[in-house]
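Undergrad: Provided herewith is a single structure, encoded as structure tokens, for subsequent inquiry.
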Amino acid sequence: MKRKTKLAILVILYLIIFSTSAYGESSISIFDNTITVGNNDDPENYVFSLQLLFLLTILTLAPSILIMMTGFTRILIVLAFVRNALGLQQTPPNQVIIGIALFLTFFIMAPIAAEINNEAIQPYINSEISQEVAMERAMTPIRDFMFKQTRDKDLGLFLNMKGIDRVSNLDEIPTHVLIPAFIISELKTAFQIGFIIFIPFLVIDMVVASTLMAMGMMMLPPVIISLPFKLLLFVMVDGWNLIAKSLVLGFN
């Protein structure tokens with residue numbers, strides 16, 4: 001019995017190793033395009049493979065593009081400042097903060113996304129324009145958005161580091177120079193908004209601390225007393241409404 005089992009295994013191994021036939025599909029269909037597995041001299045298969053690799057690369061970088069080339073950074077930092085100014089540690093939790101920032105970003109970038117879809121994606125899908133033209137048209141509204149939010153000082157910093165002394169128009173500024181300038185401008189704007197948000201809550205903390213010290217209650221932490229007053233102030237002025245409105249209208 002053991003000899004028969006060993007013989008069967010040897011026969012199977014022989015067939016697998018020395019067989020010249022392929023037991024799988026020789027072609028794969030992806031997006032109505034057929035890619036032949038094996039030696040193929042058709043250049044269209046290689047071109048489609050490169051396009052597929054490029055698409056997968058873009059999808060991999062999509063989170064970074066969303067974070068760094070939109071208003072997500074500013075919104076997230078401002079919301080974090082609001083939570084810290086209120087003296088709350090994990091309320092709202094990080095998932096809620098990120099979700100609010102994400103959907104506010106979608107709201108702000110919706111007109112730009114619609115323009116990209118109408119001017120670049122749909123014509124490319126309908127084979128009306130080439131891939132290079134589609135990429136150029138897709139980047140145009142994004143660059144316009146970043147230029148509106150970028151300070152001239154920050155843009156000049158990266159232009160000088162790149163060795164670009166003069167530009168006659170904005171089209172001559174490379175995208176890889178614009179993106180870091182846009183990011184540090186967004187960081188500065190977010191910190192400026194955060195400073196303004198902190199002021200009223202800081203006043204409440206100072207008043208509560210001075211009152212407790214005057215009453216001789218120095219062992220009682222002022223944060224415990226000031227937290228309800230800060231929450232009351234934030235709710236009475238409808239703080240989330242004001243912050244959301246300010247953030248959205250801040251992107252001119």
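The values are calculated or read from the model by the stated rules, or taken from the named source; none is laboratory data. No experiment lies behind these values; they were computed from the predicted model shown. Positions of Cβ are backbone-derived with ideal geometry, glycine not excepted, and every protein chain shown enters the neighbour counts. Remember, those area values only see protein heavy atoms, side chains included, never the ligands or the DNA or RNA. Shrake-Rupley method; radii C 1.70, N 1.55, O 1.52, S 1.80 Å.
Undergrad: What length, rounded to one decimal in nm, is gained on full extension from Asn241 through to Asn169, with 0.36 nm per residue of separation minus their alpha-carbon distance? If you can, show how the numbers build up before the last one.
TA: On the way: separation 72, 0.36 × 72 = 25.92 nm, distance 3.84 nm.
Answer, rounded to one decimal: 22.1 nm.
Undergrad: Quote the relative contact order of segment 94-215 in percent (integer), defining contacts as alpha-carbon pairs under 8 Å separated by 6+ residues. The partial results should precede the final answer.
TA: On the way: 55 pairs, mean separation 23.4, N = 122.
The value is 19 percent.
Undergrad: Now for a separate question. For segment 135-233, with all protein chains present and a 1.4 Å probe, just round the carbon and sulfur fraction of the accessible area to a whole percent.
TA: Details: 4510 of 6370 Å².
C and S atoms contribute 71 percent here.
Undergrad: So how exposed is Phe195, as accessible area in Å² (1.4 Å probe, rounded to 10)?
TA: 140
Undergrad: Calculate what fraction, in whole %, of the accessible area of segment 60-102 sits on carbon and sulfur atoms when a 1.4 Å probe is rolled over the protein chains.
TA: On the way: 1440 of 2020 Å².
Percent of accessible area from carbon and sulfur atoms in segment 60-102: 72.
Undergrad: Roughly speaking, what is the centre-to-centre gap between segment 68-112 and segment 191-252 when only Cα atoms are used, to the nearest Å?
TA: A separation of 19 Å, based on Cα centres.
Undergrad: Using 0.36 nm per residue, how much length does the chain from His176 to Ala214 gain when fully extended, once their Cα-Cα distance is taken away? Provide the component values of the computation, followed by the final result.
TA: Values: separation 38, 0.36 × 38 = 13.68 nm, distance 5.70 nm.
The span from His176 to Ala214 would gain 8.0 nm if fully extended.
Undergrad: For Asn252 paired with Ile199, estimate the spin-label separation in nm (one decimal), with each label point 7 Å from Cα along the Cα-to-Cβ line.
TA: According to this spin-label approximation, the distance is 2.0 nm.
Undergrad: At a Förster radius of 35 Å, what calculated FRET efficiency corresponds to the Cβ-Cβ distance of Ile121 and Gln89, to the nearest 0.05?
TA: Details: r = 43 Å, r/R0 = 1.22.
FRET efficiency, Ile121 to Gln89: 0.25.
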